[in-house]
Amino acid sequence: MSPLNCRIAALQMVSGPRVHDNLKTAATLVDAAVAQGAQLLVLPEYFPIIGAADADRVRASEPFGSGPVQDWLSQCARQHGVWLVAGSIPLPADVPGKMRNSTLVFDDQGQCVARYDKIHLFGFRKGEESYDESTFIEAGKTPVTVDTPFGRILLSICYDLRFPELYRAQGPVDLILVPAAFTETTGRAHWEILLRARAIENQCYLLAVGQGGKHENGRLTHGNSMIIDPWGEILDRKAKGPGVVIADLDHQRIAEIRESLPALAHRKL
């Protein structure tokens, strides 16, 4: 059965430290996207919580398969009859005091059908600005793709974007998802360039959904959520603030580009 064309939506947020407030904002964005015909909706990295400290996220982790955030995601997907992707939520790690940064995919019946744990952990130091995710996150090990009615989708999170081999690990896909909380410094320099490169080299659609603005803890995230087609064209984007980015995924467009420029078939390595 051929995959279906569909309308996809990125739900950009500026999450804060209170899970309840963030879920309320997410619900409003889901309603807005559904009203515009979206069938596959994607939330950003850490959509349920960005607290004053990294330890806040570790404390907010809930067991895989149950908990208020996962219950909300399941109910929301089922209520609207849409596929809903939790850009990432904190789940327990094997190492005490750490967490897994995990994407969960819920189908239109509210079932969790896929989980991806972020593999590449961000580390950055420039002047007084520094960050090291390995201090509180346990890395995942396995790339994940999920087959949906809308085609084959590859899951990734934020810093994964800098590692192109991840996106070739399991063959051609129709859509790449990149939920993120890119810093303003690195995002301003590299975000759009890397996103368009991943779409172009894999000749597929790419949906990138970010945290976008100044958070209560003072952190500034880059935002600039966007949807990119297989030719590298940006179909829709939002710079900062909460909002919906939306576009159509067209399988004929993928096929035409791969036929006219068969780069995937020309690969030697």
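Read-outs: derived from the displayed coordinates by stated rules, not from any lab. The structure presented is a predicted model; accordingly, all values stated were derived computationally and were not measured. A quick note on method: Cβ atoms are made from the backbone with ideal geometry, for glycine too, and the neighbour counts reach across all protein chains shown.
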Margin query: What's the magnitude of the charge dipole for the chain around its Cα centre, counting Lys and Arg as +1 and Asp and Glu as -1 at the beta-carbon? Answer in Debye, nearest 20.
Written below: 320 debye
Notebook entry, point to check: Based on the Cα gyration tensor of region 138-269, what are the three equivalent ellipsoid semi-axes, each the root of five times an eigenvalue, rounded to whole Å and given largest first?
Noted result: 26, 17, 13
Item checked: For region 6-260: relative contact order, % (alpha-carbon pairs under 8 angstrom, 6 or more apart) -> 20 percent
Note to self: Please rank T148, T142, fewest neighbouring Cβ atoms within 10 Å first, as an exposure proxy.
What the structure shows: T142, T148
Next item on the list: Could you tell me how many degrees, from 0 to 90 and to the nearest 10, lie between the Cα long axis of helix 251-260 and the main elongation axis, the longest principal axis, of the Cα atoms of the chain?
Entry: 60 degrees
Notebook entry, point to check: Amide H to amide H under 5 Å from R100: which residues, 5+ apart in sequence or cross-chain, H placed 1.01 Å off N in plane?
Noted result: L91, A93, E138
Checklist line | Amide N proximity, region 93-119 versus H251 label position 7 Å along Cα-to-Cβ, cut-off under 18 Å | finding: 108
Check: For M226, M99, M1, M13, what ranking results if the residue with the fewest other Cβ atoms within 10 Å of its Cβ goes first?
Finding: M1, M99, M226, M13
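Just the ratio, please: alpha-carbon radius of gyration of region 3-58 over 2.2 N^0.38 Å, N its number of residues.
Cα Rg divided by the expected 2.2 N^0.38 Å: 1.30.
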Next item on the list: Among F163, F150, A180, flag the residue with its Cα farthest along the positive direction of the charge dipole of region 140-185, charges on Cβ as +1 for Lys/Arg and -1 for Asp/Glu.
Entry: F163
Next item on the list: Using only Cα atoms, find the angle between the long axis of helix 19-35 and the longest principal axis of the chain, and express it within 0 to 90 degrees, rounded to the nearest 10.
Entry: 20 degrees
Margin query: Using just the Cα positions, wrap the chain in a convex hull and report its mean projected area in square nanometres, one decimal place.
Written below: 13.6 nm²
Item checked: For region 1-100, alpha-carbon Rg over 2.2 N^0.38 Å -> 1.14
Notebook entry, point to check: Taking K and R as +1 and D and E as -1, what net charge do the other residues with C-beta under 14 Å from the C-beta of G110 add up to?
Noted result: -2
Notebook entry, point to check: Taking a 18 Å limit on the Cα-Cα distance, which of the listed pairs K98/K118; K214/K238; K98/K141; K118/K240 fall beyond it?
Noted result: K118/K240
Checklist line | Distance between modelled label sites at S2 and Q75, nm, 7 Å Cα→Cβ extension | finding: 4.0 nm
Checklist line | Cα lying deepest toward the dipole's positive end in the chain, options N5, I200, Q36, charges on Cβ | finding: I200
Notebook entry, point to check: How big is the gap, in Å, between the Cα center of region 217-268 and the Cα center of region 46-104?
Noted result: 25 Å
